[in-house]
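Following: one structure in structure tokens, then a few remarks.
The values are calculated or read from the model by the stated rules, or taken from the named source; none is laboratory data. Everything numeric here is computed off the predicted structure, so don't read it as measured data. Cβ sites come from the backbone with ideal geometry, for glycine too, and all protein chains shown count toward neighbours. Calculation scope for accessible area: heavy atoms of the full protein, side chains included, ligands and nucleic acids excluded. Shrake-Rupley method; radii C 1.70, N 1.55, O 1.52, S 1.80 Å.
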Amino acid sequence: MSALNWTSVKEFEDIIFEFADGIAKITINRPKVYNAFRPKTVNELIEAFDICRERQDVGVVVLTGTGDKAFCSGGDQNVKGYGGYIDDDGVPRLNVLDLHKRIRSMPKPVVAMVNGYAIGGGHVLHVVCDLTIASDNAIFGQSGPKVGSFDGGFGSSYLARHVGQKKAREIWFLCKQYSAQEAEDMGLVNRVVPLDELEEATIEWCKIMLQRSPMALRMIKRGLNAELDGQTGIMEMAGDATLMFYLMEEAQEGRKAFLEKRDPEFQKFPKFP
Ligand code: S0N
């Protein structure tokens, strides 16, 4: 049962993109392949995330998969070829890394609503989201070393921040699968609920975040990212500091003085300890 009255934002082939009450919901819609992604799926996800970033009425983004079997089973093995996943133009692509960057950079919380298998690149997708709420039938794991792939980026380093180095190596080296309860116990998910309560529970948390200061949430996300993201993380945090400076009278004085062809009166602004 859906807890909100979702309306379609835009029609896509591989995903469903909906909005209700400040929440955007993006659903990978390829149930026949357990919501595996092909390059087109990833391009559509990127477009939807870009729309979420731009729309000021979107406060939180939810990522999920169609059905009760899978959140996402990673790269579509049917289209995997020499050099990546073969796109409609015949060119191999690994564009899912661009999607990871979008989720990471999104200046709003992104919640993975995991409704079944989160495996391989599908597992990495939930890892890069800010929060994960899982149904009790969800199963988590990496499969790369079993099927000929790996993610040495966020899929390993950020995973290790969640569960620790030893556990991250176990997850990758052994390619075991873990229950939702085991995932919660190791700090990989925030909350586990019965499948039929998954959307309701996710919306409940989204509504709480929508009541919080959007700038405070944004800066916390930037700060937590910056530790791992090096110069890119510092750049994004600095960019938001600039945004906040633009909102201050002190910054506006500089612009006004330039336009009025006078010296700026910065002396009047406080020099806080
Ligand atoms: C999910 C699993 C464990 C479910 O097993 P179960 O319940 O036995 O169901 P199946 O019968 O196996 O599956 C049901 C139907 O779905 C199809 N299917 C499932 N997964 C895929 C898939 N990934 N691609 C294509 N089809 C899939 C099955 O074929 C079946 O269809 P029918 O009924 O027609 O036979 C199990 O299905 C499983 O293990 N799936 C494969 C998981 C996997 O190995 N995924 C790929 C892992 N690799 C990647 O994701 C690549 C990562 C990547 O691209 C990358 C590269 C660099 C940096 C980052 C990344 C990144 O993605 O993060």
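Here are the numbers:
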{"quantity": "Extreme residue, nearest to the ligand (Cβ to nearest atom), among residues of the range 39-84 that are modelled with pLDDT of 95 or more, among the small types (G, A, S) and in a strand (DSSP E or B)", "calculated": "G75"}
{"quantity": "Single condition C175 does not satisfy, out of (1) buried (at least 16 other Cβ atoms within 10 Å of the Cβ); (2) within 12 Å of the ligand (Cβ to nearest atom); (3) under 25 Å from N225 (Cβ atoms)", "calculated": "(3)"}
{"quantity": "Residue pairs meeting the criteria (Cβ under 7 Å; at least 6 apart or on separate chains; first farther than 30 Å from I220 by Cα and of a type outside the set (G, A, S), in the range 128-156; second assigned to a strand (DSSP E or B) and open to solvent by less than 10 Å² (accessible area, probe 1.4 Å))", "calculated": "none"}
{"quantity": "Failed item in (1) at pLDDT 95 or above; (2) over 20 Å from L131 (Cβ atoms), with M1 passing the rest", "calculated": "(1)"}
{"quantity": "Counted residues, the range 153-176 - those being under 22 Å from the mean Cα position of the chain (by Cα) and not in a helix (DSSP H, G or I)", "calculated": "2"}
{"quantity": "Complete set of residues in the range 124-141 that are open to solvent by less than 20 Å² (accessible area, probe 1.4 Å) and either near the ligand (Cβ under 8 Å from one of its atoms) or more than 13 Å from Q177 (Cα to Cα) (or both)", "calculated": "V124, L125, H126, V127, V128, C129, T132, I133, A134, S135, G141"}
{"quantity": "Residue among E182, E170 that is away from the ligand (no atom under 15 Å from the Cβ) and either in contact (Cβ under 8 Å) with a residue 60 or more places away in the chain or in contact with a Lys or Arg (Cβ under 9 Å, 6 or more places away or on another chain) (or both)", "calculated": "E170"}
